[in-house]
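Read through the structure below, which is laid out as structure tokens, and then see the notes.
The values are calculated or read from the model by the stated rules, or taken from the named source; none is laboratory data. Remember, predicted model here, so these are calculated numbers, not experimental data. Every residue, glycine among them, receives a Cβ derived from its backbone with ideal geometry; neighbour counts consider all protein chains shown.
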Amino acid sequence: MRELLLLRHAKSSWDDATLDDADRPLAARGRKAAPVMARAMARHGWVPELALVSPALRTRQTWALVAAELPRPVETRLAPEIYEAEPEIILETIRSVPPAIRRLVVVGHNPGLERLAETLAGPGSDAAALARLRTKFPTAALARFEVATHWSTLTSGAARLAAFLKPRDFG
């Protein structure tokens, strides 16, 4: 069984309107939420072997804060193709992950990440988690999927949504 974690970047700042979208940093709320989600991941034993991270500043900062809280180092690769990508492009990127990787995290953006999560959720998905995901996939939220196939053959509806966590779940 493989595990796929989809992590939306934490809350970004809109304070400087002159910045390009890719250069927006995390807001104070985002800098607080990312470590909270990392501790939840660690507590549940959801420590990835590989992180695919969008190159946008807010996703890199989110991942840096998450990685710093995890109990062991995680191989990290910047994945320019997932920056504000459609779900199909994100899925293609996931399909290219080596089969030896058992637990993968993708740190990206909405609406692509949310739409991918909804697309992947197949039979046996946790009904409450799926209802929460469909309501809203807020910043720093994490969707955890169980994947019975190889990454290369992952398709729509072929994963089981096992959990959906939001920063607000932890106070």
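When you scan region 96-117, do you find a residue that is at pLDDT 95 or above, over 13 Å from the mean Cα position of the chain (by Cα), assigned to a helix (DSSP H, G or I) and more than 25 Å from Leu65 (Cβ to Cβ), even just one? No, the conditions are met nowhere in region 96-117. Applying the criterion of being touching an Asp or Glu at 6+ places or on another chain (Cβ under 8 Å) and surrounded by fewer than 21 Cβ atoms within 10 Å (Cβ to Cβ) to the residues of region 131-146, the residue that is nearest to Ala79 (Cα to Cα) is Glu146.
Starting from residues that are polar (S, T, N, Q) and in a helix (DSSP H, G or I), keep the ones in region 124-171 and report whichever is nearest to Ile94 (Cα to Cα). The selected residue is Ser152.
If the condition is being among the polar types (S, T, N, Q) and either more than 21 Å from Leu116 (Cα to Cα) or part of a loop (DSSP other than H, G, I, E, B) (or both), then region 43-75 contributes Ser54, Gln61.
Contact map, region 76-89: first residue in contact (Cβ under 8 Å) with a residue 12 or more places away in the chain and surrounded by 13 or more Cβ atoms within 10 Å (Cβ to Cβ), second residue part of a helix (DSSP H, G or I) and of a type in the set (Lys, Arg), Cβ cut-off under 6 Å, separation 6 or more or different chains; pairs are Pro87/Arg115.
Checked against (1) among the polar types (S, T, N, Q); (2) surrounded by fewer than 21 Cβ atoms within 10 Å (Cβ to Cβ); (3) within 24 Å of Ile89 (Cβ to Cβ), Thr18 passes all but condition (3). Residues in region 25-54 that are closer than 22 Å to Pro80 by Cβ, in contact with a Ser or Thr (Cβ under 7 Å, 6 or more places away or on another chain) and surrounded by fewer than 20 Cβ atoms within 10 Å (Cβ to Cβ): Pro25 alone. Checked against (1) closer than 30 Å to Arg29 by Cα; (2) in a loop (DSSP other than H, G, I, E, B); (3) at pLDDT 95 or above, Glu84 meets all criteria but (3). Among the candidates Thr149, Thr93, Thr139, Thr153, the residue that is under 11 Å from the mean Cα position of the chain (by Cα), closer than 20 Å to Ala51 by Cα and modelled with pLDDT of 95 or more is uniquely Thr139. Arg60 meets the conditions (1) without any contact (Cβ under 8 Å) to a residue 24 or more places away in the chain; (2) surrounded by fewer than 16 Cβ atoms within 10 Å (Cβ to Cβ); (3) charged (D, E, K, R) in every case but one. The failed one is (2).
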